[in-house]
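The values are calculated or read from the model by the stated rules, or taken from the named source; none is laboratory data. From a predicted model like this one, the values you see are computed outputs, not experimental measurements. All Cβ positions, even for glycine, are placed from backbone atoms using ideal geometry, and neighbour counts span all protein chains on display.
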Amino acid sequence: MTVEDVQHPLVTHFDHHSVDFAHTAIDTVNTLREQAPVAWSDAYDGFWVVTRHDLVSEGFRDFESFSSRKGASIPALSFGSTHIPTSMDPPQHAVYRRILTPWFSQTAMGKREPWMRERVRELVTGLRDRGSWDFVPDLADIMPGTVTLTILGVDPARQQEFLAAMARGMANQGTTDPDVRAEMERDKQWLVDQILAEAADRRATPRDDLMTVLATEQLPDGSKITDAQIIDIVMVLLLAGFHTTSGALTALLVHIEHRPELRQRLMAEPDRIPAAIEETVRLYAPATGMARLVTKDREFGGVRMREGDMAFLLIMAASRDPRQFEDADEMDLDRNNGKSVAFGWGVHRCLGLHLARILLKIQMETIFEVVPDYRIDLERVRLSDTMGIGYLHESVPASIGGAR
Amino acid sequence: MIQVRVDAERCEGNAVCLALAPEVFELDDSGLAYVLPGEPATERQDDVRRAVDGCPREALLLAGE
Ligand code: HEM
Ligand code: SF4
């Protein structure tokens, strides 16, 4: 590469939270990646947009050059403050990740599978009885939060309230309306109060749940996890799994509705569902991208980055990079997705990936089994106007046999 | 004493084990995990178990309980 490339990066107005982006997300990321593996965006306070698969993986892997300490979002999130473990670098990151991992491991999820199946079956049977429904609020948005709250040990009777407050907070992330902002503040305060009450309850009467561990665990330096940190961890757990897993379910449902032969195949060969899920999260990034702080001056992907710059590792672009994935825009159930960055890479690789995979599998199997003749009303399917967090649907109306 | 082994056929090099047991695992030049020399697994049994459990590819194998 020439000195000129390094000094004159492609400058764009790339803004992953804009409505324009939401309407053209896939085209935009595919075009940008082919224009420049790393471009500069002048949106927000300015940031590098990293699009090529090898560079995105490298950015995730190299936590010394690309630090998480300014958080993983551009602009920074309003919920919570320190974002544990998302905003931590090794070695501190490991202290918390070690506490959380056993609760979300493949073994732990396997133990909860029968219970998850039961809950999903109840919900889908309810949809069948109603005859028509919307997959987004009526199934996709319910289960991820339900499972995480159950792992934490929150009483099932109170989970609905938690989920509603979270949903309002997420839906209005970008708003500037003072009334809505005030309501969000109230929701947030309510959640904080609830979390603290749960933690206090577990200190008094410990149980076999994650909240008890958070409230009582002794850290290697002898200290306890503070109240502020507990709030933070719980918020991250709830937020991180909520729209991501929901987005993946609806993306797969809509994808196969457009391709009846693929839907038929998955119904006939349910053991192909996990492969379809891996392809779905690759093609329709439930997590659009992750931010990092550049910690030293360096050349990266043809540009000169400066210490203190922010970089956005654009998973959505990397996941369709034809250099890594042959026929990258196609769903291929036989593809080897070993290098997929849909769940991130490196030390922050998704804590909830076993939960997401198992839950998505259960949901698809149950839908095929309980409402095999469901039809999605493709004309009324609505994509979200904000794709900055992930490729999301706003509404996926469906009914049995297509009757409304 | 316990021993841990990386199944190179399964390992995808995502470095989750490094996050959970940094004293035990490292990535080699081809991007796959390996166990650091000096029986670190025995001293860090809890971390190793978490890594075994946390590996998204089930590429870590425990031996000698
Ligand atoms: C299809 C569903 C999901 C996708 C695509 C996804 C994607 C991701 C990605 C890309 C990261 C990396 C963040 C970074 O590098 O900064 C991540 C981290 C994380 N995810 Fe997920 N996620 C999903 C579901 C879940 C679920 C269900 C949970 C439930 C608790 C969860 C919890 C987390 C947590 C706690 C982290 C932070 C891990 C750390 O910093 O060490 N995710 N996820
Ligand atoms: S966690 Fe598993 S797949 Fe990832 S690097 Fe370690 S051994 Fe390999």
- [ ] Take region A:184-225 and flag every residue that is touching a helix residue (DSSP H, G or I) at 6+ places or on another chain (Cβ under 9 Å) and closer than 17 Å to A:His93 by Cβ.
- [x] A:Leu214, A:Glu217, A:Leu219, A:Pro220, A:Asp221, A:Ile225
Open item on the list: Could you check region A:64-112 and list, in sequence order, the residues that are within 11 Å of chain B (Cβ to nearest Cβ), part of a loop (DSSP other than H, G, I, E, B) and crowded, with 22+ Cβ neighbours inside 10 Å?
Closed with: A:Pro85
Open item on the list: Regarding region A:367-378, can at least one residue be identified that is surrounded by fewer than 16 Cβ atoms within 10 Å (Cβ to Cβ), more than 28 Å from A:Arg97 (Cβ to Cβ) and of a type in the set (Ser, Thr, Tyr)?
Closed with: no
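Please determine, by comparing only the residues of region B:23-38 that are in a loop (DSSP other than H, G, I, E, B) and in contact (Cβ under 8 Å) with a residue 24 or more places away in the chain, which one is nearest to ligand 2 (Cβ to nearest atom).
The initial filter retains those residues of region B:23-38 that are in a loop (DSSP other than H, G, I, E, B), namely B:23-24, B:28-32, B:36-38.
Next, from what is left, pick out any that are in contact (Cβ under 8 Å) with a residue 24 or more places away in the chain: B:23-24, B:32.
Numbers: B:Glu23: 14, B:Val24: 10, B:Leu32: 6 Å.
This residue is B:Leu32.
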Task: Per-region count, region A:352-404, residues aliphatic (A, V, I, L, M), modelled with pLDDT of 95 or more and within 26 Å of the chain's Cα centre (by Cα) - done: 15
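Looking at region B:9-32, which of the residues that are of a type in the set (Asp, Glu) and in contact with a strand residue (DSSP E or B) (Cβ under 7 Å, 6 or more places away or on another chain) is surrounded by the most Cβ atoms within 10 Å (Cβ to Cβ)? First the steps, then the outcome.
The initial filter retains those residues of region B:9-32 that are of a type in the set (Asp, Glu), namely B:9, B:12, B:23, B:26, B:28-29.
Adding the requirement that they be in contact with a strand residue (DSSP E or B) (Cβ under 7 Å, 6 or more places away or on another chain) leaves B:26, B:28.
Numbers: B:Glu26: 14, B:Asp28: 12.
So the residue we want is B:Glu26.
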TODO: Kindly indicate whether A:Arg323 is assigned to a loop (DSSP other than H, G, I, E, B) and more than 16 Å from ligand 2 (Cβ to nearest atom).
DONE: yes
- [ ] Go through the residues of region B:5-22 one by one and say whether even a single one is outside any loop (DSSP other than H, G, I, E, B) and more than 16 Å from ligand 1 (Cβ to nearest atom).
- [x] yes
TODO: Identify the single condition in (1) more than 10 Å from ligand 2 (Cβ to nearest atom); (2) within 13 Å of chain A (Cβ to nearest Cβ); (3) not in a loop (DSSP other than H, G, I, E, B) that B:Ala41 does not satisfy, given that it satisfies every other one.
DONE: (2)
- [ ] Take A:Glu278 and decide whether it is over 19 Å from A:Val396 (Cβ atoms) and not in a helix (DSSP H, G or I).
- [x] no
- [ ] List the number of the failed condition for B:Asp47; all other conditions in (1) buried (at least 16 other Cβ atoms within 10 Å of the Cβ); (2) near ligand 2 (Cβ under 10 Å from one of its atoms) hold.
- [x] (2)
- [ ] Please tell me if B:Arg57 is near ligand 2 (Cβ under 9 Å from one of its atoms) and not aliphatic (A, V, I, L, M).
- [x] yes
- [ ] Tell me which residues, restricted to region A:165-191, are buried (at least 17 other Cβ atoms within 10 Å of the Cβ) and modelled with pLDDT of 90 or more.
- [x] A:Leu191
Open item on the list: Whether any residue in region B:33-44 is more than 16 Å from ligand 1 (Cβ to nearest atom), among the aliphatic types (A, V, I, L, M) and surrounded by fewer than 16 Cβ atoms within 10 Å (Cβ to Cβ) is what I want to check.
Closed with: yes
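Could you tell me which of the residues B:Ala19, B:Ala33, B:Ala15, B:Ala8 is at the interface with another protein chain (Cβ under 10 Å from one of its Cβ atoms) and touching a Leu at 6+ places or on another chain (Cβ under 8 Å)?
Details: B:Ala19 fails: touching a Leu at 6+ places or on another chain (Cβ under 8 Å); B:Ala33 fails: at the interface with another protein chain (Cβ under 10 Å from one of its Cβ atoms); B:Ala8 fails: at the interface with another protein chain (Cβ under 10 Å from one of its Cβ atoms).
Only one candidate qualifies: B:Ala15.
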Task: Those residues of region B:46-65 which are part of a helix (DSSP H, G or I) and away from every other protein chain (no Cβ under 13 Å), in sequence order - done: none
- [ ] Quick one: which residue in A:Leu313, A:Leu333, A:Leu293, A:Leu283 is farther than 30 Å from A:Val254 by Cα and either away from chain B (no Cβ under 14 Å) or surrounded by 15 or more Cβ atoms within 10 Å (Cβ to Cβ) (or both)?
- [x] A:Leu293
- [ ] Identify, by number, the condition in (1) away from chain B (no Cβ under 14 Å); (2) in contact with a His (Cβ under 7 Å, 6 or more places away or on another chain) that A:Asp377 doesn't meet.
- [x] (2)
- [ ] Please verify whether region A:350-368 includes one or more residues that are in contact (Cβ under 8 Å) with a residue 24 or more places away in the chain, away from chain B (no Cβ under 14 Å), touching a strand residue (DSSP E or B) at 6+ places or on another chain (Cβ under 8 Å) and not in a loop (DSSP other than H, G, I, E, B).
- [x] yes
Open item on the list: Checking A:Thr150 against (1) surrounded by fewer than 17 Cβ atoms within 10 Å (Cβ to Cβ); (2) more than 14 Å from every other protein chain (Cβ to nearest Cβ); (3) of a type in the set (Val, Ile, Thr); (4) in contact with an Asp or Glu (Cβ under 9 Å, 6 or more places away or on another chain): exactly one of these is not met. Which one?
Closed with: (1)
